[in-house]
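The values are calculated or read from the model by the stated rules, or taken from the named source; none is laboratory data. Since the structure is predicted, the reported quantities are computational estimates derived from the model, not experimental observations. Using ideal geometry, Cβ is built from the backbone for each residue, glycine included, and neighbour counts are taken over all protein chains shown.
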Amino acid sequence: MENHTLPMVQIDFGIIDHETSERLSKLIAVAVCPICNSKTIILKEGEKTIVRPICHEKFADLIGITMNSHHIDKYAVDIRGKIINVFTLLEKFIDEIIRRKSFDSEADYDKYVNIFLRGEMTMKVKMQLFEICIAKYEKAHQVKCDGLLDSLNAIIDKRNHLVHWTVDTSKQGVEFFLNKNKIRFIFFDKKDKRHEECFDNDSAHKLEGSIKKLTFDVITIFKDMKK
Ligand SMILES: [Zn+2]
């Protein structure tokens with residue numbers, strides 16, 4: 001390395017947490033320059049973590065991109081976790097309402113529970129049953145649940161995107177993340193059309209709030225049904 005004639009660059013990671021530091025150490029242990037096969041090292045300068053000497057820009061890019069995708073992944077885990085977590089209670093009460101209101105006989109109810117326990121019922125199917133339950137409820141109680149199903153369907157869509165779509169960790173995705181501090185969840189449909197949905201902490205927090213509000217509405221209906 002000492003005889004390297006190219007200008008050396010370094011990457012300054014600033015102050016990083018323990019997990020990121022471990023991650024970086026592992027990466028540096030195996031990373032070699034894609035152009036000349038040189039290795040690099042991690043240095044501590046006070047609190048700061050620096051990787052050097054790096055011989056080629058491409059090598060620096062490679063390490064930078066790998067670490068940034070790690071940050072994106074962590075951010076994505078936080079956002080996904082938050083939404084999935086808060087959604088479980090809403091889904092539980094949707095299930096309860098369907099259980100109590102969908103079937104007239106116990107045999108039918110048992111059949112339904114069997115399907116349920118095997119986890120074969122998608123949210124789409126549940127929502128069709130739930131719609132019937134809500135219609136029955138509206139009729140029996142002389143009330144209108146305006147907008148409830150639309151709001152629920154919109155939230156289920158968003159939740160599904162968060163659960164099933166992949167995080168964009170491409171070079172563009174990383175740049176987008178660094179510039180806007182937002183994560184892009186992407187999906188290519190059967191016609192290869194690209195769909196995307198962006199999230200940051202704020203929008204995830206808003207979605208979490210909407211889910212909580214809907215959960216409250218659904219629980220209120222559930223309690224009302226039992227009267
Ligand atoms: Zn090199």
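General observations
- Some residue of the stretch 79-93 being of a type in the set (Phe, Trp, Tyr) and away from the ligand (no atom under 16 Å from the Cβ): yes
- Candidates Ile42, Ile16, Ile72, filtered to the one that is away from the ligand (no atom under 16 Å from the Cβ), part of a strand (DSSP E or B) and surrounded by 15 or more Cβ atoms within 10 Å (Cβ to Cβ): Ile42
- Scanning the stretch 29-38 for residues that are exposed (fewer than 15 other Cβ atoms within 10 Å of the Cβ) and within 16 Å of the ligand (Cβ to nearest atom) returns Val30, Val32, Pro34, Ile35, Cys36, Asn37.
- Of all the numbered requirements in (1) assigned to a helix (DSSP H, G or I); (2) under 29 Å from the mean Cα position of the chain (by Cα), Asn114 misses one, and that requirement is (2).
- Any pair with Cβ under 8 angstrom, 6 or more apart, that starts in the stretch 202-227 at a residue that is at negative phi and ends at one that is buried (at least 17 other Cβ atoms within 10 Å of the Cβ) and hydroxyl-bearing (Ser, Thr, Tyr): Ile221/Tyr137; Asp224/Tyr137; Met225/Tyr137
- Number of the exception - Val86 against (1) at negative phi; (2) out of contact with any Asp or Glu (no Cβ under 7 Å at 6 or more places or on another chain): (2)
- Top-ranked residue of the stretch 97-106 - restricted to ones that are surrounded by fewer than 15 Cβ atoms within 10 Å (Cβ to Cβ) and not in a loop (DSSP other than H, G, I, E, B), ranked as nearest to the chain's Cα centre (by Cα): Arg100
- Any hit, the stretch 185-194, residues being assigned by TED's automatic domain parsing to the domain that holds Ser151, in a helix (DSSP H, G or I) and in contact with a Lys or Arg (Cβ under 8 Å, 6 or more places away or on another chain): no
- Screening the stretch 161-194 for residues that are under 30 Å from Phe222 (Cα atoms) and surrounded by 16 or more Cβ atoms within 10 Å (Cβ to Cβ) and picking the one that is nearest to the chain's Cα centre (by Cα) gives Leu162.
- Matching residues in the stretch 38-80 - criterion: being free of Cβ contacts under 8 Å to residues at least 60 places away in the same chain and basic (Lys, Arg): Lys39, Lys44, Lys48, Arg52, Lys58, Lys74
- Test: residue in the stretch 172-180 that is within 30 Å of Val143 (Cβ to Cβ) and at pLDDT below 95: no
- Qualifying residue in the stretch 197-210 (condition: surrounded by 12 or more Cβ atoms within 10 Å (Cβ to Cβ), among the hydroxyl-bearing types (Ser, Thr, Tyr) and modelled with pLDDT of 95 or more): yes
- Which listed residue is hydrophobic (A, V, I, L, M, F, W, C), surrounded by fewer than 15 Cβ atoms within 10 Å (Cβ to Cβ) and part of a helix (DSSP H, G or I), from Ile132, Ile155: Ile132
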